[in-house]
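Peer 1: Quick one: structure below, then a few questions.
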Amino acid sequence: MKYALSKHSLRSTLTGLIMTFCLMLTGMNAHAADSKIGIIVFDGVLTSDVTAPIEVFGAASKKAWFSDYEVVVISATKNKTITSEEGLTIVADSTIYDNLKLDVLIVASSYSMDQWVENKDLISYIKNQRKKASWMASNCSGAMLLGEAGVLNGKKATTWAGGEKGLAKAYPAIKVQYNQNVVVDDGVITSNGGPVSYQSSFELLAKLSSDKFAQEISELIQFNRLATAF
């Protein structure tokens, strides 16, 4: 009887220790991702401008060397549910009206940017995040938002292929680059968008980690195979 009680006690102790250890691990994991990569979305956003960085950084965040980062989708309005140009429903994690500290901000685009360029709350949000974020990026015509917020003043930048003249005319302080998929200058990355959003995401991932790690994720999601696909 004494042996049975001792065995039961030992089992209970071991179980308690295991549960405590698991809770400690859970707590560590819950606080591991203390760096945030925010992607701004809105109705009419071009799907690949959003899904490309989500796939790249989402895959990277599962690696130990990038586990400090997590991707959050941020709505440009108080409505968290938006519909992309191609009909994809996206439910954002947050909105620009929430108090969220970002380490990286990525701005997506749409075929019609006027209402977003004229959105004072959105532009103010981008300006404020620029003071805190280590990197900012835009895909396609999202460069118009960075231009309106003054983020690209004095910097080299690009936008959608064919839209360079329009960007230069609207924002003369930008050193607009032509015929370049991706442009990197002083903590800001701009790209043509569309499928090039993957290329710009890998450029940013390399800056946040290393070329070696970016290549690792490229191979993981088989993006590297595109170079020989055609």
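Quick note: the coordinates plus some simple rules give every number you see, no bench work behind them. What you are looking at is a predicted structure, and each value in this text was computed from that prediction instead of being measured. Every residue, glycine as well, gets a Cβ built from its backbone with ideal geometry; the counts of neighbours run over all protein chains shown.
Peer 1: Considering only 76, 45, 151, whose Cα is most displaced toward the positive end of the charge dipole of region 33-228, charges sitting on Cβ of Lys, Arg (+1) and Asp, Glu (-1)?
Peer 2: After comparing all options, I get 151.
Peer 1: Too long at a 22 Å Cα-Cα cut-off: which of 131/155; 80/156; 80/101; 62/207?
Peer 2: Values: 131/155 16 Å; 80/156 33 Å; 80/101 18 Å; 62/207 18 Å.
Pairs exceeding the cut-off: 80/156.
Peer 1: In percent, what relative contact order does region 165-223 have, based on Cα pairs under 8 Å that are 6 or more apart in sequence?
Peer 2: Numbers: 34 pairs, mean separation 9.8, N = 59.
For region 165-223, the relative contact order is 17 percent.
Peer 1: Next up: When the Cα centres of region 174-230 and region 87-125 are compared, how far apart do they sit, in Å?
Peer 2: 21 Å
Peer 1: Determine the shape class of region 127-230: with a ≥ b ≥ c the square roots of the Cα gyration tensor eigenvalues, call it rounded for a/c under 1.5, and otherwise prolate if a/b is greater than b/c, oblate otherwise.
Peer 2: Details: a/c = 2.71, a/b = 1.48, b/c = 1.83.
Oblate, since a/c reaches 1.5 and b/c is not below a/b.
Peer 1: Tally Lys/Arg at +1 and Asp/Glu at -1 over every other residue whose Cβ is under 15 Å from the Cβ of residue 132; what's the total?
Peer 2: Details: positive: 36, 101, 127, 130, 131; negative: 34, 98, 103.
Taking every Cβ under 15 Å from that of residue 132, the sum is +2.
Peer 1: So if each residue of separation counts as 0.36 nm, and I subtract the Cα-Cα distance between residue 178 and residue 130, what length gain in nm does that give?
Peer 2: On the way: separation 48, 0.36 × 48 = 17.28 nm, distance 2.48 nm.
My answer for the length gained is 14.8 nm.
Peer 1: While we're looking at this one, here's another question. Where a ≥ b ≥ c are the square roots of the eigenvalues of the C-alpha gyration tensor, would you call region 33-228 rounded, which needs a/c under 1.5, or, failing that, prolate if a/b is larger than b/c, or oblate?
Peer 2: Values: a/c = 1.41, a/b = 1.16, b/c = 1.21.
Judged from the Cα gyration tensor, region 33-228 comes out rounded (a/c under 1.5).
Peer 1: Related question: Which loop-located chymotrypsin sites (Phe, Trp or Tyr not before Pro) does region 58-125 contain, where loop means any DSSP state but H, G, I, E or B and the Cβ has at most 14 other Cβ atoms within 10 Å? Working shown, then result.
Peer 2: Details: sites: 65, 66, 69, 97, 111, 116, 125; in loops: 97, 111.
Sparse-neighbourhood loop chymotrypsin sites (Phe, Trp or Tyr not before Pro): 97, 111.
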